[in-house]
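Each remark here refers to the structure printed beneath this line.
The values are calculated or read from the model by the stated rules, or taken from the named source; none is laboratory data. If you're wondering where the values come from, they're calculated on a predicted model, not measured in any experiment. Every residue, glycine among them, receives a Cβ derived from its backbone with ideal geometry; neighbour counts consider all protein chains shown. To get the accessible areas, we keep the full protein, side chains included, count just its heavy atoms, and leave off ligands, DNA and RNA. Shrake-Rupley method; radii C 1.70, N 1.55, O 1.52, S 1.80 Å.
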There are 2 protein chains.
Amino acid sequence: MSTSVGQSKVRVDAYDKAAGRAKYTDDLCDKSALIAKILHSTIAHGLVKSVDTSAAEQIPGVVKVITCLDVPNYKFPTAGHPWSTDPAHQDVEDRLLLNRHVRYYGDDVAVVVAEDEVAAMQGVRALKVEYEEYPFVLDAQEAMAEGAPQVQEDFPGNILAHTSIRRGDLEKALQEPGLIKVEGWYDTPTVQHCHIENHVCFASMEAGRITVVTSTQIPHIVRRVVGQALGLPWGKVRIVKPYIGGGFGNKQDALYEPLCAYLTTQVGGRLVKLECTREETFVSNRVRHAIRTHIISWVRPDGAIVARKFEAFSNQGAYASHGHGVVAKGMGAFPQLYPCDNVECDCWSVYTNRPAAGAMRGYGIPQAMFAGECHIDDICLSLGMDPLEFRRKNLMPVGYVDGFSKNELYDDTFNQCLDRAMEVIDYQQKRKDYQNQTGPVRRGVGLAVFWYNTAVWPISLESSSCRMVLNQDGSLQFQTGETEIGQGCDTAYTQMVADAVGVPFEDVHVVSSQDTDVTPFGTGAYASRQTYIGGFSIIQTGRLLRERILNYAHELTRMPAATLDLVDGKIVRKGDGRVLMTLGELATEALYSTTNSQHLTAESTAQIKSNAYSFGCSIAEVEVDIPMCKVKLLNMVNVHDCGRLINPALAEAQVHGGMSMAIGYGLSEELKFDARTGKPLNNNLLDYKLSTCMDHPNLEARFVENLEPTSPYGTKSLGEPPACSGAPAIRNAVLQATGVAVDRCPITPHILFEAFKEAGLITD
Amino acid sequence: MSTSVGQSKVRVDAYDKAAGRAKYTDDLCDKSALIAKILHSTIAHGLVKSVDTSAAEQIPGVVKVITCLDVPNYKFPTAGHPWSTDPAHQDVEDRLLLNRHVRYYGDDVAVVVAEDEVAAMQGVRALKVEYEEYPFVLDAQEAMAEGAPQVQEDFPGNILAHTSIRRGDLEKALQEPGLIKVEGWYDTPTVQHCHIENHVCFASMEAGRITVVTSTQIPHIVRRVVGQALGLPWGKVRIVKPYIGGGFGNKQDALYEPLCAYLTTQVGGRLVKLECTREETFVSNRVRHAIRTHIISWVRPDGAIVARKFEAFSNQGAYASHGHGVVAKGMGAFPQLYPCDNVECDCWSVYTNRPAAGAMRGYGIPQAMFAGECHIDDICLSLGMDPLEFRRKNLMPVGYVDGFSKNELYDDTFNQCLDRAMEVIDYQQKRKDYQNQTGPVRRGVGLAVFWYNTAVWPISLESSSCRMVLNQDGSLQFQTGETEIGQGCDTAYTQMVADAVGVPFEDVHVVSSQDTDVTPFGTGAYASRQTYIGGFSIIQTGRLLRERILNYAHELTRMPAATLDLVDGKIVRKGDGRVLMTLGELATEALYSTTNSQHLTAESTAQIKSNAYSFGCSIAEVEVDIPMCKVKLLNMVNVHDCGRLINPALAEAQVHGGMSMAIGYGLSEELKFDARTGKPLNNNLLDYKLSTCMDHPNLEARFVENLEPTSPYGTKSLGEPPACSGAPAIRNAVLQATGVAVDRCPITPHILFEAFKEAGLITD
């Protein structure tokens, strides 16, 4: 019956995006908009004593200056999480629209609204700020130390949160004789999402309500946050999300929408636009948490894991944003991926004077996989054991059930993924080939697996609504609160809706833009939840619409509805297969009938109380130039079991993008800070070494399609997983090539220089 | 229980419209749009033999030239009627996007699309058209004569349609001895709507579909017409309607949306804007039908009507547009308003070489009332009977039921309206005062009543859908396909929704703009149907939403849903009146519940199979300067029984606007044509004497609120009625003042000069 799902349909937005017709936020902003520019703090920590706005206010074109001394005193959270009515599950409220207590170099101090950009920037430059400077701290563990500068008043010791997992009895287990102890510290960097389109939004007021058009992943959540930040009933806020040029989690936060919404209220409801520069995007949006992880494993000589200890220190930066969820998700993966009877895990999210860390593709899993999968190879090195064999022996077994999420591993997915990967890069053969190399240039292969949990249940609410509207020609519009952010979900949804209702792909018109006034509630694009979660409401709403259609077909044909089917846009009598009418004929009659006029639509909410594991692996092959301290990536393959593929071509593209991100994470990307001032050093795309196609080998993506039984379409997450296992695979390849176990990423020449020196491979 | 309906709430759009924040079509058009300008025919009738586009195509900035020789051969209808799947009830398809056979001075011959307006206009001027000229005809009865020029190929004799009503036996009735025969011919002019905002639209293509943003009253109908005109499935078309600056029926037609939609397909989907000048609006949009009516009445000396004959010749102009419906509605009023046993009615819609006549406020009733109510005073003149007494004696009696519409007169509404009117202008006292005047300046009072049928059932489909979406704060959005066109229906709907659901007025956020992709189906603003028809779906959908809310309240409170009520945004236990929670608390919990998350919305279609009479009257008091042939309107009152008033202040404003239109109709407005060329002579607001506040006395509006029992809110039509009885009241006042029975409107000095001369009141 299924005809659309599983086919590599051309993206529904392909032509418009290629031809430049697709409209993004800035395209939609009227040219009459006032322009807002932000003054950012030029110290890493301190108190604004005064802001002299007089010179700025004299500049022609400057309409309004708002400083941190003016803004309303509503602390608000920014994380793009579904809300909870339980205060214990609400996100931390630790910022105002502008902050008098500045907590990082780049914090928001004041804003100038002007008739044009030039006047706004002149206004910002004309502001004179007097600071009282405080000592600052950039490192998470240093921030935990006694006497460290206090970043947030309400969090002594700078600890935003600390959580633990305990299983078995570690102390008792360690009494077993003959255990081999392997210990490592692993560091991952602060990186930025580097989506193409910087965050931009514009706001205005109509009928006493505020409308914000914004480049966001989460329009319905932003509506709530704007209401919270301005102390307004949430229904007074309307958020519109057009096409966006990527987000990768940075736009899973309320960024400047609350400020922009506030500004329009200060200029009589006039249109105000706030557009981030790339420099602002790097520093004053969100970054990925730098996490330092400490792992100790006690293993038997045969590779059996007896006990493990895990500690992670997550650098939260100045504001809570997504907060502890990120490192906690990473820690959650640890005891599941390699189950072990005796485990002690602890993780801390720690405020520092860095930019606020938020959501980023993978949400703690890239950090956890880097630490965990490097550590597995470190164990293998200690044991002299083959890393593939070790993994096959210790990875989560078929039938494994997690007690908290109730997720189950239904298939022998890890072995299948590893087998598929080796069809591209024969890991074992190459490992043999690359043994015992000498000389300055050496090769290696490395392997890493990953674990990823689809969506956020049971930690948070999972629900999704959608609406379908039948047109006279038998085509239909589809609306949902879940959002297209470049990942292709509009196309996947179109396929899913086509099959759910029984119409051709071409007859589904997805309403891409979300408008919280009219779009069914959905929390947006994050947690790789779109096809899994959206699938529930699509299949449910499609059923409701089919039922209404077939009941109407009964009216028109006198056939019992149960004997009728809707196939490929036609009403078919099941008994003899006869096409009784087209859906277009039915829809036209239904709308215009003078006896029984019906506008055939359907809308429903699906609440999702299940979840699904997503798994896969990466194999990387590298060539390391030891004297040059340079790693060249020769080959890379990612294999994913994300359940059924809705659209294989899009899935492959999704994986390619994630692999690129993983390559940058492994080899080149890091946002650096000046230790003396806390100032960001490379907040631009020239100095920040974003991975590009110039850095990629041919990227190979493969899939294992074990249909996820809990999922309406058999799918599970694919959006974030491709970014999770690449970096440790590269690191493990470097380890094979050189014997040097690098303890951090990105593995830049600077890092390798130090590591190779220490290992005696090179000398000063 | 009702708290909002019946109150004079401030318009929901008042502040935005007053402050200039409200967005109209042109405000929303991106400045990068290509500009389309139309070449209109400069002859009244003929054939385009060739169009030389070469010079135009050389002009820098000209992107595309399309002529009547290029356009697709899909004939399409333009009338803003609901569609019918029965071909016999479909509107006439008699035009292409551009017409080679040009049928009036101003017909659409070619269009130039250019980068800016200057290039587009230069391009239009550079087009060279060669015509074969045909004879033309401007008068409807002349067009029916043998040998008249044929305007439309498929309609020999130029008769678009002819319908009749027969009741009783006229011939037999006339055998009664002693009957007095009164005969008259009455002429009404071609007038134009003169809404503030000229028609403007812009179109572009995304994802293979065409979006047209347009100043229209009928977005869902325009979607269908664009599909028909371009030969596209209707689902490939999306229409968006922002605020519009008036329509009065002109925008109850697909005007240039089909052409604009076609143009974007010819320039690769680029944005194309087409904006009418005022001159184009006058001639190349739609006008009101000029109708000539012939009435003969046979009455007894005591004023009893024995038999009547009615003939109306409706000047359709060059294209069918709304066609025969207009004059047919007028004819339908005739035997109902003054029921009589023996009636013969005939009406003809006749193609001529004038601009196409379409819908305009009143839809045939102003013409019919002018003829009919002038004729009543002519009868009274013949009988020497008081016009008020004659009307009280002969008007439709309480309990009257129309066999076709099943409408019933439930109340003694005519007498009540007349009584209310006389509280403002004491007709009978003044009639006495103004008897036997001599001298050059004389005064008179005149009276006229009207009949108006709400909405279009049973002639056409009547259905309406709406959707309500509950927000977390207990406010809600309301969407409907029926449209705000300046008349205030957004505000009336807000009041109706507030009461239907049980929330404060302030908590209803009406989604003013219609977008056919997401707005529930509704046919739009016409036939004074908005509150009557919309009320059905509002009350039905409000009930559905209440039910969902109270069921959810049951979940939260464990009180049986039947014991709960929703009052003023609060969940109340009926037994003891205790407020259990606010709707906002319920809505927040419902959305974010981790056990039972529900996005509470409701949507439904109501099909309406009833209809309601709307009645009223006007009294006018005039002073006529006989030597100057000038009428000064001294006082005017309109009284309406439109059922329950949703918003008294808005109702009064509605009536004031209609009275202004009636004053123009009675005294000054007429679009004139040059008899030798067919060229319009006064297609601009300088030469066309639109009625303005300078021409008005104090306008008095009064109401009789007989709740309409078929209506969910007790309402019936008020939008068009105020324009229906003013002109004949003025004419009858002139008749009393001067004894001269003018047979046409507007009653300009030129007309009076001829009439007074004929009556011997003045000499050359």
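Assorted remarks:
- Nearest-20 debye value, segment B:615-706 charge dipole, Cβ charges on Lys, Arg, Asp, Glu: 300
- Span from the segment B:622-637 Cα centroid across to the segment A:540-556 one, whole angstrom: 64
- Label-point spacing at B:D341 relative to the other copies reads 11.0 nm, in ascending order, each point sitting 7 Å out from Cα along Cα→Cβ.
- Whether segment B:220-372 is rounded, prolate or oblate, judged on the alpha carbon gyration tensor where a/c under 1.5 counts as rounded: prolate
- One quarter of the convex hull surface built on the alpha carbon atoms of segment B:117-170 amounts to 7.7 nm², the projected area averaged over directions.
- Inverting the pair-averaged 1/r between distinct Cα atoms of the protein assembly as shown gives 36.1 Å as its Kirkwood hydrodynamic radius.
- Buried on complex formation within segment A:511-531 (loss of at least 10 square angstrom of accessible surface versus the isolated chain, 1.4 Å probe, ligands and nucleic acids ignored): A:V511, A:D517, A:V518, A:F521.
- Element breakdown for segment B:605-764 at a 1.4 angstrom probe: carbon and sulfur atoms account for 52% of the accessible area.
- Bridging of A:K75 to aspartates and glutamates at a Cα separation below 14 Å is possible for A:D91, A:E93, A:D94, A:E153, A:D154, once same-chain residues fewer than 8 apart are set aside.
- Nonlocal amide H pairs with B:T715, under 5 Å, H built at 1.01 Å: B:R644, B:E708
- Candidate lysines for bridging to B:K128, where Cα separation is under 16 Å - those fewer than 8 sequence places away on the same chain excluded: B:K37, B:K49, B:K64
- Taking a ≥ b ≥ c as the square roots of the eigenvalues of the alpha carbon gyration tensor, segment B:552-687 is prolate, as a/c is not under 1.5 and a/b beats b/c.
- Distances between copies at B:G231, taken between label points 7 Å from Cα along the C-beta direction, are 6.3 nm in increasing order.
- Relative contact order computed over segment B:518-637 (Cα-Cα under 8 Å; 6+ residues apart), in percent: 17
- Centre-to-centre, using Cα atoms only, segment B:407-453 and segment B:64-119 are separated by 46 Å.
- Phi angles of segment B:183-191 translate, via the Karplus equation with coefficients 6.51, -1.76, 1.60 and θ = phi - 60°, into HN-Hα couplings of 10, x, 10, 9, 10, 10, x, 6, 10 Hz per residue; Gly and Pro are given as x.
- Dipole orientation for the protein assembly as shown: of the candidates B:V5, B:F155, A:M636, B:V5 has the Cα lying most toward the positive pole (charges on Cβ; Lys, Arg +1; Asp, Glu -1).
- Ligands, DNA and RNA excluded, the heavy atoms of B:F313 present near 20 Å² of accessible surface to a 1.4 Å solvent probe.
- Distant-in-sequence amide H partners of A:F673 (H built 1.01 Å from N, under 5 Å): A:L681
- When the listed pairs A:K241/B:K236; A:K716/B:K241; B:K273/B:K689; A:K17/A:K609; A:K17/A:K251 are checked against a 28 Å cut-off, the alpha-carbon distance exceeds it for A:K716/B:K241; B:K273/B:K689; A:K17/A:K609.
- Amide H contacts of B:N635 (H built 1.01 Å from N, under 5 Å, at least 5 apart or other chain): B:E621
- Total charge dipole magnitude, the protein assembly as shown, about the Cα centre, Cβ charges on Lys, Arg, Asp, Glu only, Debye to nearest 20: 580
- Ranking A:L232, A:I291, A:V350 by how far each Cα lies toward the positive end of the dipole of chain A (charges on Cβ) leaves A:L232 at the top.
- Between the C-alpha center of segment A:257-320 and that of segment B:206-250 there is a gap of 45 Å.
- Helix-derived mean residue ellipticity, 222 nm - over chain B, DSSP H n ≥ 4, -39500 (n - 2.57), to 500: -8500 deg cm²/dmol
- Sparse packing (at most 15 other Cβ atoms within 10 Å of the Cβ) combined with a DSSP loop state is found for the following trypsin sites (Lys or Arg not before Pro) in segment B:618-690: B:K672, B:R676.
- Chain A residue with Cβ closest to the axis mapping A onto B, distance in whole Å: A:V518, 3
- Taking the accessible area of segment B:105-151, probe 1.4 Å, and keeping the other protein chains in place, the carbon and sulfur fraction comes to 48%.
- In segment B:635-764, the ratio of gyration radius to Kirkwood radius, Rg to Rh, stands at 1.08 when only Cα atoms are counted.
- Rounded if a/c under 1.5, otherwise prolate or oblate - chain A, Cα gyration tensor axes: oblate
- With all pairs of separate Cα atoms included, segment B:268-337 yields a Kirkwood hydrodynamic radius of 15.7 Å.
- Ordering A:L255, A:V191, A:I221 by Cα displacement along the dipole of segment A:129-270 toward the positive end leaves A:I221 in first place; charges were set at the Cβ atoms of Lys, Arg (+1) and Asp, Glu (-1).
- Buried solvent-accessible surface, both chains (A, B), 1.4 Å probe, Å² to nearest 100: 4500
- Solvent-accessible heavy-atom area per residue, rounded to whole Å², over chain A at 1.4 Å: 33
- Summary for B:V441: label point 7 Å along Cα→Cβ; distances to the equivalent points in the other copies, ascending, 11.0 nm.
- Sparsely packed trypsin sites (Lys or Arg not before Pro) within segment A:26-89, loop by DSSP, other Cβ within 10 Å at most 10: A:K31
- Using C-alpha pairs below 8 Å separated by at least 6 residues, the relative contact order for chain A is 16 percent.
- Across the protein chains, with a 1.4 Å probe defining accessible surface, the residues B:W298, A:W185 rank A:W185, B:W298 from largest area downward.
- Qualifying aspartates and glutamates (Cα of each under 15 Å from Cα of A:K672; at least 8 residues distant if same chain): A:D139, A:D187, A:E279, A:E280, A:D687
- Along each principal axis, taking the top coordinate minus the bottom one, the Cα set of segment B:514-604 gives 46, 30, 17 Å in descending order.
- Subtracting the Cα-Cα distance of B:V118 and B:T163 from their residue separation scaled by 0.36 nm leaves 11.4 nm.
- Taking GluC sites (Glu not before Pro) as exposed when their DSSP state is a loop state and no more than 12 other Cβ atoms lie within 10 Å, the longest site-free interval of chain A runs over A:154-764.
- For segment A:1-71, a crude dipole built from +1 on the beta carbon of Lys and Arg and -1 on the beta carbon of Asp and Glu, taken about the Cα centre, is about 340 debye to the nearest 20.
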